[in-house]
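Worksheet for the structure shown next.
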Amino acid sequence: MLAFEEYQQVASPSRVLAVIALTPLPGLILMILLAAIPLQNPLLGLKGNPGFIVQSWLAYSTMTVALMFFIRSSLMLPNSAYSHKQCVLIALLTAGLNELAMLVLGAFWRFPIPFRSLLGIPTYAISLLLFHRAVIGRKWLYHRNEIIEYLPLFCAQASTLFIFEGVTLVFAHVPAFAQGIITITFPVLRAIIKRFIWRFSRCLEDISMDVTLCVVEVFGSLFQNACLQSARSPAIGGLMVVVDFVQALVEVKMYLAHKFVVDGRQTTKTAVRIVEDALYPGLSAPAKHAAWPSSIRNKPSWACLAKETPC
């Protein structure tokens with residue numbers, strides 16, 4: 001947190017704006033490139049749809065790379081655990097083997113495969129674990145417990161996506177009054193899913209809440225965008241906006257009622273005071289600051305913390 005405090009002091013507004021504006025750019029470019037792949041008529045069958053196969057393979061590869069980066073950062077694994085190149089290699093092989101399994105299923109059953117994403121979960125998960133072990137080698141043993149501990153959370157995250165996808169399909173095929181009921185009850189569903197994900201994310205300790213909010217809010221936003229496109233009337237779309245706004249107001253009110261609410265400039269100071277009270281109870285504030293090791297007190301950000309004022 002001290003390093004983050006120092007970064008806040010040296011980061012310019014232009015850098016902050018650049019990060020906000022440019023972070024979505026790689027994902028947007030990838031989506032445009034995937035959409036640019038020409039697709040054939042599904043009625044032509046499996047052999048007549050090479051574009052779909054290539055697009056699906058690249059899409060799953062991209063998703064797997066993003067998933068591995070997310071897992072690595074969530075578990076705070078070092079880059080030495082597996083490099084970016086190894087992540088890309090694992091993603092390409094995992095997506096390739098999963099695509100091969102879907103090709104076999106499509107050849108013996110039918111194409112397009114109904115509920116392909118759902119039916120492909122077992123082969124995808126097995127392929128991901130298999131190539132993790134094959135590419136990483138013995139490094140897998142050092143981080144095996146952390147990765148295995150993350151698996152229940154990964155399954156919970158994947159199930160959240162399919163829950164929202166199922167609700168989206170139901171929303172698109174029901175009359176207007178039913179769409180209104182789904183819209184009104186959606187905040188309740190979102191709250192239940194947040195609690196569900198949070199129980200599995202406790203293995204991440206301090207960032208469990210961040211991961212929970214990220215997963216639910218991202219998938220929930222995708223759900224709302226899809227539902228807006230299939231709303232039966234403008235009134236349903238307006239109701240979705242109103243319900244979302246009311247939910248935001250309720251969450252802000254609950255947040256402000258919290259005893260430990262601080263803004264970005266006070267977060268580190270608040271954390272330091274909590275640690276000081278736990279380590280050095282009964283001492284005055286100057287004595288608590290002086291009790292810290294010199295390696296910490298000599299940092300530039302420590303002077304700001306000791307002044308008890310924003311820097």
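Throughout, read-outs are computed from the coordinates displayed, never taken from laboratory work. Note that the coordinates shown come from a computational prediction; the quantities given were computed from them, not determined experimentally. FYI the Cβ positions are ideal-geometry reconstructions off the backbone, even for glycines, and counts take in every protein chain you see.
Assorted remarks:
- Debye log10 I(q)/I(0) for the range 106-193, one point scatterer per Cα, at q = 0.20 Å⁻¹: -1.01
- Taking only the C-alpha atoms of the range 41-144, the Rg (one decimal) and the largest Cα-Cα distance, Dmax (whole number), read 15.4, 49 Å.
- Taking the Cα centre of the range 42-261 as reference, the dipole from Cβ charges on Lys and Arg (+1) and Asp and Glu (-1) amounts to some 360 debye.
- Segment residue 118-residue 241, extension gain: residue separation times 0.36 nm, minus the distance between their alpha carbons: 41.3 nm
- Protection proxy ranking, peptides 46-53, 171-178, average beta carbon neighbours within 10 Å, highest first: 46-53, 171-178
- Mean-position separation - Cα centroids, the range 82-150 and the range 172-203, in angstrom: 29
- Positive-end residue, the range 42-261 charge dipole about Cα centroid, Cβ charges, pick of 156, 189, 233: 156
- Computed label-point distance, nm, for sites residue 19 and residue 126 using a 7 Å Cα→Cβ extension: 4.2
- Cα pair count fraction exceeding 24 Å, expressed as % - the range 42-261: 55
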